[in-house]
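A short reminder: the numbers here are calculations on the coordinates, not readings from a lab. As the structure is a prediction and not an experimental result, all values here were calculated from the model. Cβ atoms come from the backbone with ideal geometry, glycine included; neighbour counts cover every protein chain shown.
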Amino acid sequence: MTPHPLLPTHYTKPEDKPVFVQRLFDAGARHYDSVVDWGFLRSGAFYRRWAQQRHGLRPGMQLLDVACGTGLMTTAAARILGGADTITGLDPSPGMLAVARGKLPARFVEGRAEALPFADGSFDFLTMGYALRHVTDLQVAFREFHRVLRPGGRLLILEVTKPAGRLGAFLFRLYFRRIYPFCARLLTRSRSAGEMMVYFWETMDACVPPATVLQELRAAGFSRVACHRQLGIFSAYVGLRL
């Protein structure tokens, strides 16, 4: 199950997606934090920390942050855990990982969600922040998430979801399709930053609905799955490995 259909303006075969995504984020890595910070009105750091704490992250836990990017979720987790000693971040983009390594002394590993390079039952808590749309196969990734969690381990996936209502969908489209990419390119003077935000919009617009994500989480073996929505667009998918 793919998170969205093929985007032929960027790649025409499913196997080409990982290469495209890696190049896109490598090119835009140095601008990512600033673009995301102002693009979400500087609320991101608080929300990431609040969501992880709300859904059970506690000191002493072994945490895996999948698709960690520049370490935004990882940094928020470190404030809850009291340090980075028990944190592992994984991402396919060397450029994004280079930024993350400059922020905190967590363990950072290059790799993909569909083939996690870790032993079974290695972690107590697994997070993914706004990267669900970038995997190639939801079922394969979710099975890997389930595999590396210990019994009792918790899953938290944060994502931006297109509103169902007509007005909300219109405003969502106006901001993320038009305003956000334009401002990103204008303020950073980077074509790569603008292209990254355009791709964000395209994948959010085409992404499967929350019901499908929950269905795939259950099929991968997770229990007590749910989707918690904030402000109509911020989705927090949770699950438990029994």
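Can you pull the percent of Cα pairs in region 199-242 with separation above 13 Å?
60
Any chance you could give the angle, 0 to 90 degrees and rounded to 10, that helix 44-54 forms with the longest Cα principal axis of the chain?
In the chain, helix 44-54 runs at an angle near 30 degrees to the longest axis.
Order 15-24, 79-88 from most to least packed using the mean count of other Cβ atoms within 10 Å.
Numbers: 15-24: 15.6, 79-88: 17.5.
Sorting 15-24, 79-88 by mean packing, highest first, produces 79-88, 15-24.
For A226, which sequence-distant residues (separation of 5 or more, or a different chain) have an amide H within less than 5 Å of its own amide H, given hydrogens modelled in the peptide plane?
Amide H to amide H, under 5 Å and 5 or more residues apart or across chains, A226 pairs with V238.
Can you classify region 89-200 as rounded, prolate or oblate using the Cα gyration tensor, where a ≥ b ≥ c are the square roots of its eigenvalues, rounded means a/c under 1.5, and otherwise it's prolate if a/b beats b/c and oblate if not? All intermediate terms of the calculation are to be shown ahead of the outcome.
On the way: a/c = 2.69, a/b = 1.51, b/c = 1.78.
Oblate, because a/c is 1.5 or more while a/b does not exceed b/c.
Step by step: find N for the chain, compute 2.2 N^0.38 Å, then divide the Cα radius of gyration by it. What's the final number?
Taking the Cα Rg and dividing by 2.2 N^0.38 Å, one obtains 0.95.
Step through the residues of region 203-214 one at a time and calculate ³J(HN,Hα) from phi using the Karplus curve (6.51 cos²θ - 1.76 cosθ + 1.60, θ = phi - 60°), rounding each to whole Hz and writing x for Gly and Pro.
For region 203-214, the Karplus curve yields 6, 5, 5, 9, 5, 4, x, x, 4, 5, 4, 5 Hz.
Subtracting the Cα-Cα distance from 0.36 nm times the residue separation, let me have the gained length for R54 to Y175 in nm, one decimal. Don't jump to the answer; show the numbers that get you there.
Numbers: separation 121, 0.36 × 121 = 43.56 nm, distance 2.84 nm.
In short, 40.7 nm is gained.
Around K103, under 14 Å between beta carbons, what's the net of Lys plus Arg minus Asp minus Glu among the other residues?
+1
To the nearest 10 degrees, how steep is helix 17-39 against the longest Cα principal axis of the chain, on a 0 to 90 scale?
It works out to around 80 degrees.
Highest first, please rank the peptides 236-242, 34-40 by the mean number of other Cβ atoms sitting within 10 Å of their residues. Could the numbers behind the result be given before it?
Values: 236-242: 19.4, 34-40: 16.9.
Order by mean packing, descending: 236-242, 34-40.
Can you check what the net charge comes to around T88, using other residues whose Cβ is under 13 Å from the Cβ of T88 (Lys, Arg +1; Asp, Glu -1)?
Working: positive: R101, R107; negative: D65, D85, D91, E110, D124.
Charge balance near T88 sits at -3.
Which whole-number percent is the relative contact order of the chain (Cα, under 8 Å, 6+ apart)?
After rounding, I find 21 percent.
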